[in-house]
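> Submitted below is the structure of interest, expressed as structure tokens.
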Amino acid sequence: MAVVTQAATAASDEKELLISGSEAVAEALTLADIDVVTAYPIRPYDTVMQAIAKKIANGQLVAEYIVAEGEHSQFEIVKHASTVGARVFAGSSGVGWAYAMECLVVTPPLRVPMLALVGNRALDDPGAFGVEHNDALFVRDLGWMLCWIDTSQEALDTTLIGYRIAEDRRVFLPLAISADGAFLTHSQALTLVPSKQKVDRFLPAYNRGDLQLHPDNPITVAPQANEDWVIEIRRQNDEAMKRAYTVIEEAYADFRRVFGRGPENPWFEEYMTDDAEVVLIGMGTISLPIKVAIREMRAQGKKVGLLRLRWFRPFPYERLVTALSKAQAIGVIDRNYSFGSPFASGVVANEVRAAMYNAERRPPLISFISGLGGREVMLDDVKKATDICYAAARSGQSDAKTHWLGVRD
Amino acid sequence: MASLIAEIVYRGIFQKNLAARVARGIVLSARKSGRWGIAFGRYGDSPQRNGIPAKDFAIVADTKEELEQNMARYEPKHTDVTIVLDDTLAKGVESWAWYGLQPINKLTVPNGTVLMTSLQSFDSLIEDVHKREEPYTLALIRAKASFSGLWVYREDHTEVRVLGALAKIAPQFLPLDGVCQAIQEIDWGSDLKVASAKKAHDRLESRVVKITEGNAEAPFAFEKPKWWEMREGVTIPAIPIGKPKEGGEGYVPDRNPYFKKYTTRTMRPVIDFDTCVKCNLCWISCPDSCFDVMPDGTFDANMEACCGCGVCEAVCPVEQCVTMVNESLFEDNASQWEMWRKDQAAYKTWLVTKIGDKQGTLRSHGFRFRGQYEQELAAGDLDSGGGVITAGIPGENAAHKTQ
């Protein structure tokens, strides 16, 4: 192939840096001028806390950096800081995220619009640090918004967009951004970093309004309540999560207007799905082997496409049904497990099944589990999954079992 | 396909920052001619441990799509250039991941290049490197391994010398101009480093290694079990208790047959069995239980199990009874005690040669005391291949960091 010399892509008000997904998050946090950040080390999230510490040490970011004595306090501290009006950030991985669970549970009902970075890591035991999505998925039912990112650029952009969404008064819910351990947190890619001026045009200051703890605004946060109150509080959260659909659409549209990049469809990336007979679904960096396998399979005449889910909560079920209804078969590759679930499938497969239940046209859906514990998803795994999907397309029947790919058996 | 894949094999802690600089330097240099790239470390390694062999990778390609094509494997299956930052790694590497022993040239493509920093001769190095079925080029930067620590960095220009050498090896991806420009702009770069890179480019020595040459030993390997063969409950069988040596005397522990760890070693203990007072201190102190108890009550460091940490040398109460010697001076893992038993006079001669080697007994680990770096500079011990190095260079381009 001829050598294509690219013109310097960075516009004058943007700079191009060679940074990891974790460092990209720290760049965005600096641009968002966060006030309070808490830290407690666990791989792979620790690369984010190191990158933020460096920003503060270099004088690029002025923020309270509190090293907590564990993840539980880490998330408790930022919750309080947010209620007095600080823009906050915390993060963790695997069992560290699990240790913070009590504090993660109370964050959405208190309407704390914080951002968390979950560097996805397998849960112990066995002690391991490769990627699995079960850690972040702990909070899927609790009022946390959840999204998965794929590249350093998306890490940076989504962090900025994330504050805009979370801090929108119509939402006021926490957002956990999930980044695959290793594949994203530890890989350095060329990333465009916008100017502070541009970011200021996109991201207004955090305004907690009537919910702010302040002597001039005397309020009590989180009084004890009984059955006379609880279901109404849950209904409020339900409404906030529903309103998030609109706010997310608006935020991405505005991001595109200000920065001149970013997806038109916030919810999922579609790769070669226009004429696809088989559509594969996955989250995070699994997109890479899938895309490359798709290019190879298309060269052999197989019309395969990828739908990479970005947003998991709120779940884009309506748009998903529209996008999937024209496929002849759907294959969902989960990088997580849900033992004892319907069809023994992964979490995403069963979410997609539920979303498709009311659809007029329901193509066969095949569930796969792969890449657990950081195992690489190979091109051959993707091709094998595609072949199984094609068989289902021919028979018109969904397979009632879940296929494990890349396990020694 | 126009792409370049490089792996950087390095020693945990001692060279972690060095390897990261090389990987970043490759991508940023290639960017100067409009290419795309990515730099990353092998996640399965544990580079936060002293001396553990670990890998970084850098991939550059003409287009984003070609870059993706090459990134589809997180750990590349083949590399155009294998960069080896310490020549004791020539004997092969065992990563923390369960790979067995990997020859250093295992991933290098046929006719690809293994680029090494070394003061050894080509012949001596090739004896260490495993034989293979395709020829490759061995290229040498004349420098000793640059070892430092996580929080200190040895500014001996090794990173830019590697980049300069790469400009010679793969000029189509890393033209020297681009490399120099990148070095100038990078936060750890300087004009002096540009000069060093150019000199390394001009002085690079290389020769083709034929398929008949190299270490003929088959590296140890094993099959991983199927999921249904593994014991449930995240449980593994314990290593069985060991056995006495001949005549019921002595003791040799059983060891993990799948994980040997000895490629972590940059120095090994050489033991004088004649002066050993049998005090047990080396045996008790060894964190890897590498000492076998011999029938006569002396202790033989088992070279399949020794990581080369040097604790035995530190605790031994007898002068020069245990001496750490650079790994490059040895050809195999044979038992020293057996050699001593066979011919004590010959062993003595061997021992005196080994521990008398002034370069070979220089501690290869990172900085051990404040002021060591200045001392090395004063002694002219650092060869930058370029101009004069002075202490305090890291600040030269520090302004970049806060931009």
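The values are calculated or read from the model by the stated rules, or taken from the named source; none is laboratory data. Treat the numbers as computed from the prediction; the structure is a model and nothing was measured. Heads up, the Cβs are rebuilt from the backbone with ideal geometry, glycines too, and the neighbour counts pull from every protein chain shown.
> Here is a list of conditions, (1) at pLDDT 95 or above; (2) out of contact with any strand residue (DSSP E or B) (no Cβ under 8 Å at 6 or more places or on another chain); (3) buried (at least 21 other Cβ atoms within 10 Å of the Cβ), and B:Cys309 meets all of them except one; can you say which number that is?
Against the list (1) at pLDDT 95 or above; (2) out of contact with any strand residue (DSSP E or B) (no Cβ under 8 Å at 6 or more places or on another chain); (3) buried (at least 21 other Cβ atoms within 10 Å of the Cβ), B:Cys309 comes up short only on (1).
> Restricting to region A:74-90, give me the number of residues that are of a type outside the set (A, V, I, L, M) and part of a loop (DSSP other than H, G, I, E, B).
2
> Sort out which residues of region A:45-75 are crowded, with 19+ Cβ neighbours inside 10 Å and of a type outside the set (Lys, Arg), and write them in order of number. Show your work before the answer.
From region A:45-75, those crowded, with 19+ Cβ neighbours inside 10 Å are A:45-49, A:51-52, A:55, A:61, A:63, A:71, A:74-75; that's our starting set.
Answer for region A:45-75, where residues must be crowded, with 19+ Cβ neighbours inside 10 Å and of a type outside the set (Lys, Arg): A:Tyr45, A:Asp46, A:Thr47, A:Val48, A:Met49, A:Ala51, A:Ile52, A:Leu61, A:Ala63, A:Glu71, A:Gln74, A:Phe75.
> Answer yes or no as to whether A:Ala179 is of a type in the set (Gly, Ala, Ser) and at pLDDT 95 or above.
On the way: of a type in the set (Gly, Ala, Ser): yes; at pLDDT 95 or above: yes.
When the stated conditions are applied, A:Ala179 passes them.
> Same structure again: Considering (1) of a type in the set (D, E, K, R); (2) part of a strand (DSSP E or B); (3) free of Cβ contacts under 8 Å to residues at least 24 places away in the same chain, say which one A:Lys291 fails and leave the rest.
Every condition holds for A:Lys291 apart from (2).
> Next up: Would you be able to tell me the number of residues in region B:51-62 that are over 18 Å from A:Phe129 (Cα atoms) and out of contact with any Phe, Trp or Tyr (no Cβ under 7 Å at 6 or more places or on another chain)?
Within region B:51-62, residues that are over 18 Å from A:Phe129 (Cα atoms) and out of contact with any Phe, Trp or Tyr (no Cβ under 7 Å at 6 or more places or on another chain) number 4.
> Does region B:199-220 include one or more residues that are buried (at least 20 other Cβ atoms within 10 Å of the Cβ), farther than 29 Å from B:Gly360 by Cβ and either outside the structural domain of B:Ala334 (by TED's automatic domain parsing) or at pLDDT below 95 (or both)?
Yes, there is a match, as at least one residue in region B:199-220 is buried (at least 20 other Cβ atoms within 10 Å of the Cβ), farther than 29 Å from B:Gly360 by Cβ and either outside the structural domain of B:Ala334 (by TED's automatic domain parsing) or at pLDDT below 95 (or both).
> Quick check on my filter: what residues within region B:58-88 are closer than 19 Å to B:Met116 by Cβ and crowded, with 24+ Cβ neighbours inside 10 Å?
B:Ala58, B:Thr79, B:Val81, B:Thr82, B:Ile83, B:Val84, B:Leu85, B:Asp86, B:Asp87, B:Thr88
> Here are B:Lys144, B:Lys168, B:Lys199: which of them is assigned to a helix (DSSP H, G or I), over 24 Å from B:Leu107 (Cβ atoms) and not small (Gly, Ala, Ser)?
Sole residue among the options that is assigned to a helix (DSSP H, G or I), over 24 Å from B:Leu107 (Cβ atoms) and not small (Gly, Ala, Ser): B:Lys199.
> Right, B:Ala23: without any contact (Cβ under 8 Å) to a residue 24 or more places away in the chain and either part of a strand (DSSP E or B) or closer than 22 Å to B:Gly164 by Cα (or both) or not?
So B:Ala23 does not fit the description; no.
> Write out, first by first residue and then by second, each pair whose Cβ atoms fall under 9 Å of each other, whose residues are 6+ apart or on separate chains, and whose first residue, in region A:43-62, is within 20 Å of A:Gly94 (Cβ to Cβ) and more than 10 Å from chain B (Cβ to nearest Cβ) while the second is surrounded by fewer than 16 Cβ atoms within 10 Å (Cβ to Cβ) and not aromatic (Phe, Trp, Tyr).
Qualifying pairs under 9 Å: A:Met49/A:Pro41; A:Met49/A:Val67; A:Gln50/A:Pro41.
> Restricting to region B:9-39, what's the tally of residues that are of a type in the set (A, V, I, L, M) and farther than 8 Å from B:Ala58 by Cα? Write out each step before concluding.
Restricting attention to region B:9-39, the residues satisfying the condition of being of a type in the set (A, V, I, L, M) are B:9, B:13, B:18-20, B:22-23, B:26-28, B:30, B:38-39.
In the following step, the residues that additionally are farther than 8 Å from B:Ala58 by Cα were identified as B:9, B:13, B:18-20, B:22, B:28, B:30.
Matching residues across region B:9-39 total 8.
> Which condition number in (1) of a type outside the set (S, T, N, Q); (2) under 21 Å from B:Thr349 (Cβ atoms); (3) more than 21 Å from the chain's Cα centre (by Cα) is the one that B:Glu327 fails?
(3) is the only condition that B:Glu327 fails.
> For residues that are among the basic types (Lys, Arg) and modelled with pLDDT under 90, scanning just region B:24-57, find the one that is surrounded by the most Cβ atoms within 10 Å (Cβ to Cβ).
B:Arg42
> If you don't mind, there's one more thing I want to ask. Pick from B:Leu140, B:Leu163, B:Leu119: which is of a type in the set (A, V, I, L, M) and buried (at least 24 other Cβ atoms within 10 Å of the Cβ)? Working first, answer last.
Numbers: B:Leu140 fails: buried (at least 24 other Cβ atoms within 10 Å of the Cβ); B:Leu119 fails: buried (at least 24 other Cβ atoms within 10 Å of the Cβ).
Exactly one of B:Leu140, B:Leu163, B:Leu119 is of a type in the set (A, V, I, L, M) and buried (at least 24 other Cβ atoms within 10 Å of the Cβ), namely B:Leu163.
> Okay, moving on. Of the conditions (1) closer than 20 Å to A:Glu16 by Cα; (2) among the acidic types (Asp, Glu); (3) in contact with a strand residue (DSSP E or B) (Cβ under 6 Å, 6 or more places away or on another chain), A:Asp150 fails just one. Which one is it?
All conditions are met except number (3).
To keep it simple, each residue is scored yes or no on (1) away from chain B (no Cβ under 14 Å); (2) free of Cβ contacts under 8 Å to residues at least 60 places away in the same chain; (3) among the hydrophobic types (A, V, I, L, M, F, W, C).
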residue: A:Arg257; (1), (2), (3): yes, yes, no
residue: A:Tyr271; (1), (2), (3): no, yes, no
residue: A:Ser287; (1), (2), (3): no, no, no
residue: A:Glu318; (1), (2), (3): yes, yes, no
residue: A:Val321; (1), (2), (3): yes, yes, yes
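> Run down B:Ala334, B:Ala305 and say which single residue is out of contact with any Phe, Trp or Tyr (no Cβ under 9 Å at 6 or more places or on another chain) and under 28 Å from B:Phe222 (Cβ atoms).
B:Ala334
> Please go through (1) among the acidic types (Asp, Glu); (2) modelled with pLDDT of 95 or more; (3) within 15 Å of B:Ala195 (Cβ to Cβ) for B:Glu155 and return the number of the only condition it doesn't satisfy.
(2)
> So which residues in region B:171-188 are part of a loop (DSSP other than H, G, I, E, B) and either surrounded by fewer than 16 Cβ atoms within 10 Å (Cβ to Cβ) or among the aromatic types (Phe, Trp, Tyr) (or both)?
Selection gives B:Pro171, B:Gln172, B:Phe173, B:Asp187, B:Trp188.
> Evaluate the following for B:Ile126: is it touching a Gly at 6+ places or on another chain (Cβ under 9 Å), hydrophobic (A, V, I, L, M, F, W, C) and outside any loop (DSSP other than H, G, I, E, B)? Break it down into steps so the answer makes sense when it comes.
On the way: touching a Gly at 6+ places or on another chain (Cβ under 9 Å): yes; hydrophobic (A, V, I, L, M, F, W, C): yes; outside any loop (DSSP other than H, G, I, E, B): yes.
Considered against the rule, which asks whether it is touching a Gly at 6+ places or on another chain (Cβ under 9 Å), hydrophobic (A, V, I, L, M, F, W, C) and outside any loop (DSSP other than H, G, I, E, B), B:Ile126 comes out as yes.
> Right, here's the next one. Is it the case that B:Glu304 is within 17 Å of the chain's Cα centre (by Cα) and either in the same structural domain as B:Gly12 (by TED's automatic domain parsing) or of a type outside the set (Gly, Ala, Ser) (or both)?
Here the answer is yes, as B:Glu304 does meet what is asked.
> Just to check your reading of the model, which residue among A:Val348, A:Val352, A:Val382, A:Val377 is within 14 Å of chain B (Cβ to nearest Cβ) and either in a helix (DSSP H, G or I) or surrounded by fewer than 22 Cβ atoms within 10 Å (Cβ to Cβ) (or both)? Walk me through it before giving the result.
On the way: A:Val348 fails: within 14 Å of chain B (Cβ to nearest Cβ); A:Val352 fails: within 14 Å of chain B (Cβ to nearest Cβ); A:Val377 fails: either in a helix (DSSP H, G or I) or surrounded by fewer than 22 Cβ atoms within 10 Å (Cβ to Cβ) (or both).
Of the residues listed, the single one that is within 14 Å of chain B (Cβ to nearest Cβ) and either in a helix (DSSP H, G or I) or surrounded by fewer than 22 Cβ atoms within 10 Å (Cβ to Cβ) (or both) is A:Val382.
> Here is a check on your reading of the model: is B:Glu66 farther than 25 Å from B:Phe259 by Cβ and either touching a residue at least 12 places away in the same chain (Cβ under 8 Å) or assigned by TED's automatic domain parsing to the domain that holds B:Ile186 (or both)?
So B:Glu66 fits the description; yes.
> Could you list, in sequence order, the residues of region A:381-396 that are among the basic types (Lys, Arg) and closer than 16 Å to A:Ile281 by Cα?
A:Lys383, A:Lys384
> Evaluate region B:224-243: report whether one residue or more is within 31 Å of the chain's Cα centre (by Cα), more than 15 Å from B:Trp337 (Cα to Cα) and of a type in the set (Val, Ile, Thr).
Looking through region B:224-243, at least one residue is within 31 Å of the chain's Cα centre (by Cα), more than 15 Å from B:Trp337 (Cα to Cα) and of a type in the set (Val, Ile, Thr).
> Looking at region A:289-309 only, could you name the residues that are more than 18 Å from the chain's Cα centre (by Cα) and within 14 Å of chain B (Cβ to nearest Cβ)?
Listed by number, the residues that qualify are A:Pro289, A:Ile290, A:Lys291, A:Val292, A:Ala293, A:Ile294, A:Arg295, A:Glu296, A:Met297, A:Arg298, A:Ala299.
> Right, something else. Could you count how many residues in region B:47-96 are away from chain A (no Cβ under 11 Å), aliphatic (A, V, I, L, M) and assigned to a helix (DSSP H, G or I)?
Residues that pass the stated criteria total 2.
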